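Colleague: Here it is, the structure, as structure tokens.
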Amino acid sequence: MQTGQKIAKLRIQAELSQAQLADALFVSRELVSKWETGSNRPDRKMLEALAKLFSVPLNELIDIDAILSEELSSAVPEDYLLDPDVLKADLNAFLETLNERDRSVFIRRYYRLEEPFEIGEKYGIKENYVRTILMRVRKKLKKYLKEVRS
């Protein structure tokens, strides 16, 4: 079950409307709707607030493996051979092409499973900038994989 579906299920169990949940979290009803439909995902702080509101552990709301898989799947070309050993070798070679900061941000996110806000705290940058770095690195990875296997 996706995070949005879990939020909707817990909201309904708590007998709250989307508007009531939005008011409790100081967000718009439209944002709650986007979470529940999966067109937007709450950030870590909002997930913590939701877990507290619903009295559930945070890991009941999120599946970190699914999130990371979703993020990285956009970086692998559709026609790419998904042999794990080949992918590992290509990924290691790709990481060598990155500057130190981008490589470290990528490793912290996808190897150490750190949240963007944690990475941002480490480097003294905002969470949104970490997300921008990760997006750019994923685009570079996709381009790299296309070139190396064509």
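Colleague: State yes or no: is I62 in contact with an Asp or Glu (Cβ under 8 Å, 6 or more places away or on another chain) and buried (at least 17 other Cβ atoms within 10 Å of the Cβ)?
Modeller: no
Colleague: For the stretch 48-106, enumerate the residues that are aromatic (F, W, Y) and at pLDDT below 90.
Modeller: Selection gives Y80 alone.
Colleague: Tell me, yes or no, whether the stretch 85-105 has at least one residue that is surrounded by 11 or more Cβ atoms within 10 Å (Cβ to Cβ), closer than 30 Å to K6 by Cα and within 21 Å of the chain's Cα centre (by Cα).
Modeller: Yes; the residues of the stretch 85-105 include at least one that is surrounded by 11 or more Cβ atoms within 10 Å (Cβ to Cβ), closer than 30 Å to K6 by Cα and within 21 Å of the chain's Cα centre (by Cα).
Colleague: Quick check: anything in the stretch 12-30 small (G, A, S), surrounded by 14 or more Cβ atoms within 10 Å (Cβ to Cβ) and free of Cβ contacts under 8 Å to residues at least 24 places away in the same chain?
Modeller: Yes, the stretch 12-30 contains at least one residue that is small (G, A, S), surrounded by 14 or more Cβ atoms within 10 Å (Cβ to Cβ) and free of Cβ contacts under 8 Å to residues at least 24 places away in the same chain.
Colleague: Considering only residues that are farther than 17 Å from K9 by Cα and part of a helix (DSSP H, G or I), which ones fall in the stretch 31-51?
Modeller: Scanning the stretch 31-51 gives R44, K45.
Colleague: Also, I was wondering about something else. Restrict the check to the stretch 15-32 and report whether at least one residue is at pLDDT below 90 and either more than 30 Å from A89 (Cα to Cα) or out of contact with any helix residue (DSSP H, G or I) (no Cβ under 7 Å at 6 or more places or on another chain) (or both).
Modeller: Scanning the stretch 15-32, I find no residue that is at pLDDT below 90 and either more than 30 Å from A89 (Cα to Cα) or out of contact with any helix residue (DSSP H, G or I) (no Cβ under 7 Å at 6 or more places or on another chain) (or both), so the answer is no.
Colleague: Could you tell me which numbered condition F117 fails, if it satisfies all but one of (1) under 21 Å from I62 (Cβ atoms); (2) at pLDDT 95 or above; (3) of a type in the set (A, V, I, L, M, F, W, C)?
Modeller: Here F117 meets the rest and fails (2).
Colleague: Is it fair to say A93 is more than 29 Å from S39 (Cα to Cα) and not basic (K, R)?
Modeller: yes
Colleague: Would it be correct to say that T37 is β-branched (V, I, T) and within 13 Å of the chain's Cα centre (by Cα)?
Modeller: For T37, the condition - β-branched (V, I, T) and within 13 Å of the chain's Cα centre (by Cα) - is not met.
Colleague: One residue is enough: does the stretch 57-72 have a residue meeting the conditions hydroxyl-bearing (S, T, Y) and touching a residue at least 60 places away in the same chain (Cβ under 8 Å)?
Modeller: No, every residue in the stretch 57-72 fails to be hydroxyl-bearing (S, T, Y) and touching a residue at least 60 places away in the same chain (Cβ under 8 Å).
Colleague: Would you pick out the residues in the stretch 71-84 that are exposed (fewer than 10 other Cβ atoms within 10 Å of the Cβ) and closer than 29 Å to N40 by Cα?
Modeller: E78, D79, L82
Colleague: I would also like to ask the following. Return the residues of the stretch 108-137 that are surrounded by 14 or more Cβ atoms within 10 Å (Cβ to Cβ) and aliphatic (A, V, I, L, M); say none if nothing qualifies.
Modeller: I119, I125, V130, I133, L134, V137 - these are the residues of the stretch 108-137 that are surrounded by 14 or more Cβ atoms within 10 Å (Cβ to Cβ) and aliphatic (A, V, I, L, M).
The values are calculated or read from the model by the stated rules, or taken from the named source; none is laboratory data. Just so it is clear, the structure is predicted and the values come from calculations on it, not from any experiment. Quick reminder, even Gly has a Cβ in these numbers, built from the backbone with ideal geometry, and neighbours come from all protein chains shown.
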